[in-house]
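> Please see the structure below; I have some questions.
Derivation of every value follows stated rules applied to the coordinates shown; laboratory data play no part. These numbers come from a predicted model, not from an experiment. We place every Cβ from the backbone using ideal geometry, glycine too, and count neighbours over all the protein chains shown.
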Amino acid sequence: MKLKTFLYGSMLGWSIFLTSCGDDDLKKANSVAINKITFTRDRTIGVEVIYSDSARVKAKGNAPIMDKITPSEGAVYQEMPKGVNIDFFNPNGTIDGNLVCDYAIRKDQDKKTEFRKNVVVKNSKGDTFSSQELIWDEIKKIFYSTQRVYVKGADGSEGNGINFVAPQDFSTYSMETGSGDLNMKEGIAP
């Protein structure tokens, strides 16, 4: 008796499932397939990119792989699936900061680069910033993130917060909902 009930229940379930798949669903699937977006991918191995402003080198980046993606619809972008290592230069031409990450994507139209997965930045003061995502806005000349960012100061101070914003040189920064341990210098008035 249990086997009969199981078989009838299974057959009823399959018949309901099959009747719910009507011709309209197949027509919708065909219209989606007709409007598909195609991509062209140009891969470059061992890339070095130099960012300059007014004939002065500001940054030099290296990526093991860079893919230039050109969709049939939408904007062109570059993807660095194996990450990047970028050195930042001061006006004297010496390195005063560094950024490394495991993945990056640069959106040409937006003039933004998203650095993701194990992002670590060191500034000229020796401070270290780490997060799972930092975004560089070339137009506003800032780095920002809505992800949690951890900061370790050269003096041993540690903090973290969300809604992080810093200028390109990471000389200052702000964040919300922060917490951490600060080392205060003696002689500071209350």
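> Kirkwood Rh over Cα pairs of the stretch 38-181 into Stokes-Einstein at 20 °C, 1.002 mPa s: D in µm²/s?
135
> Lys and Arg at +1, Asp and Glu at -1: add these up for the other residues within a Cβ distance under 13 Å of Arg41 and post the number.
Surrounding charge for Arg41 is -1.
> Which far-off residues, 5 or more places away or on another chain, put their amide H under 5 Å from the one on Gly97, with H placed in the peptide plane?
Amide H to amide H, under 5 Å and 5 or more residues apart or across chains, Gly97 pairs with Phe88.
> Let me ask another. Length gain on complete extension for the stretch Thr146 to Lys60, per 0.36 nm per residue less the alpha carbon to alpha carbon distance?
Between Thr146 and Lys60, full extension yields an extra 28.4 nm.
> Given H placed on each backbone N at 1.01 Å, which residues far from Tyr103 in sequence or on other chains put an amide H within less than 5 Å of it?
For Tyr103, whose amide H was placed from the backbone, the distant partners under 5 Å are Gly83, Val84, Arg116.
> Hey, if you put +1 on the Cβ of every Lys and Arg and -1 on every Asp and Glu Cβ in the stretch 80-184, which of Gly153, Ser131, Thr113 ends up farthest toward the positive end of that dipole?
About the Cα centre, the residue reaching furthest to the positive side is Thr113.
> Relative to the Cα centre, what is the charge dipole magnitude of the stretch 38-181, using +1 at the beta carbon of each Lys and Arg, -1 at the beta carbon of each Asp and Glu, and rounding to the nearest 20 debye?
Dipole about the Cα centre, nearest 20: 260 debye.
> Can you order the peptides 52-63, 150-161 by their average number of other Cβ atoms within 10 Å per residue, highest first?
Output ranking for 52-63, 150-161: 150-161, 52-63.
> If you add up the charges near Gln132, with Lys and Arg at +1 and Asp and Glu at -1, over every other residue whose beta carbon is less than 13 angstrom from its beta carbon, what do you get?
Every neighbour counted, the sum reads 0.
> Given H placed 1.01 Å from N in the peptide plane, which residues other than close sequence neighbours of Ser157 have an amide H under 5 Å from its amide H?
Answer set, sorted by chain and number: Asn183.
> So, one more: Val47 to Asn85: extension gain in nm, 0.36 nm per residue of separation minus the Cα-Cα distance?
12.6 nm
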